[in-house]
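The values are calculated or read from the model by the stated rules, or taken from the named source; none is laboratory data. The structure displayed is predicted, hence computed values, not measured ones. So basically every Cβ, Gly included, is an ideal-geometry build from the backbone, and we count neighbours across all protein chains shown. Calculation scope for accessible area: heavy atoms of the full protein, side chains included, ligands and nucleic acids excluded. Shrake-Rupley method; radii C 1.70, N 1.55, O 1.52, S 1.80 Å.
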Amino acid sequence: MHPDPIFYIFGKGVYLYGICMALGLIACFAFLVVTMKLKKFNEASSDTILLIGVFGTGFGILCAALFQATYNYIDNPAEGFKLNSMTFLGGLIGGVASFLGVYFLYMYVVRPRVKVKFLTAPMNATLTDALPFIPIAITIAHAFGRLGCFFGGCCYGREAEWGLPCADAPGFYGVNVIPTQLFEMSFLILLGVAMAVLYFKFKFNYNFAVYMIAYAIWRFIIEYFRADYRGLEGLALTPSQIWSLVMVVLGVGYIFLQYYVLKKHMKHPELDGVEEEKPSEQPETSEN
């Protein structure tokens, strides 16, 4: 754990937590760029998804802070409404919602009504083609983020003799706790690898459902081992556990959405120009 700045730039401290967050976002978008290139997304398709993705990421970070600030304010209004911490599920909800909102606004309101060439360039792929691999990118960024949590001393687990001193909170300094940050990071790496195998090897298009359901189950369970402030004390379930249940329902719903609706709108740009090989027909010859 290293919650203190590792160096300063113009008097501002640079933390390992922030570096891990930055590395995670860079790796996330690098994965998207490489995958879209492999899948032969044209420039217009790639630029649209990446630019809206940047907006969704920024809005997601804001929502992560807003969600936690709301929990804190409801629990203790006297402290005021302060944006001084974040919750991942709040960021995920805000990021996905804003990404989808801006994407559909652009596709169905802006593109049909403007004459600017940059905004109306032909797209050989849509969001439906990217949804199967976007969750892999999310797990990459999230895994780096949890490593940052380990260095920052947040999101720590309950006290345990076999644990690690990775909690930066009063009453926990120097105390061995369950390194839930590292456990979650490991889970996210395994989940990302599993989804990558499903997508690249088996052409599996339901990874968004896999991500939502698998991570929701994991998060629901790991909440019982967390010891940091969970928000809205006194409830039978933590806010994250409640959102986890919602994610499971949405994940199941996404399976039906993909099967009955989305797959019909996939353009499969990687198949452009690929013709099915047909066995050559040889004329029958007779022996004399």
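Conditions (1) over 21 Å from Phe88 (Cβ atoms); (2) open to solvent by 30 Å² or more (accessible area, probe 1.4 Å), marked per residue:
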| residue | (1), (2) |
| --- | --- |
| Ile136 | no, no |
| Val175 | yes, yes |
| Val193 | no, yes |
| Phe220 | no, yes |
Among the residues of segment 24-60, count how many are touching a residue at least 24 places away in the same chain (Cβ under 8 Å), of a type in the set (A, V, I, L, M, F, W, C) and open to solvent by less than 70 Å² (accessible area, probe 1.4 Å). 11
Might you let me know whether segment 188-207 holds any residue that is under 20 Å from Thr87 (Cα atoms) and not aliphatic (A, V, I, L, M)? no
Residue list for segment 168-192, filter: in contact with a helix residue (DSSP H, G or I) (Cβ under 9 Å, 6 or more places away or on another chain) and more than 20 Å from Glu223 (Cα to Cα): Gly192
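Each row is one residue, and each column tells you yes or no for (1) touching a residue at least 60 places away in the same chain (Cβ under 8 Å); (2) assigned to a helix (DSSP H, G or I); (3) open to solvent by 20 Å² or more (accessible area, probe 1.4 Å).
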site: Leu119; (1), (2), (3): no, yes, yes
site: Phe150; (1), (2), (3): yes, yes, yes
site: Ala167; (1), (2), (3): yes, no, no
site: Phe172; (1), (2), (3): no, no, yes
site: Leu188; (1), (2), (3): no, yes, no
Note on segment 75-120: residues at pLDDT below 90, farther than 23 Å from Gly152 by Cα and of a type in the set (Gly, Ala, Ser) are Ala78, Gly80
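What's the total number of residues in segment 195-218 that are among the polar types (S, T, N, Q) and either assigned to a helix (DSSP H, G or I) or free of Cβ contacts under 8 Å to residues at least 12 places away in the same chain (or both)?
Adding up the residues that qualify gives 1.
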Residue list for segment 89-102, filter: surrounded by 15 or more Cβ atoms within 10 Å (Cβ to Cβ), more than 19 Å from Cys28 (Cα to Cα) and not β-branched (Val, Ile, Thr): none
One residue is enough: does segment 228-237 have a residue meeting the conditions surrounded by 14 or more Cβ atoms within 10 Å (Cβ to Cβ) and either in contact with a strand residue (DSSP E or B) (Cβ under 8 Å, 6 or more places away or on another chain) or among the polar types (S, T, N, Q) (or both)? no
Subset of segment 264-286 (residues that are surrounded by fewer than 13 Cβ atoms within 10 Å (Cβ to Cβ) and modelled with pLDDT of 80 or more): Lys264, His265, Leu271
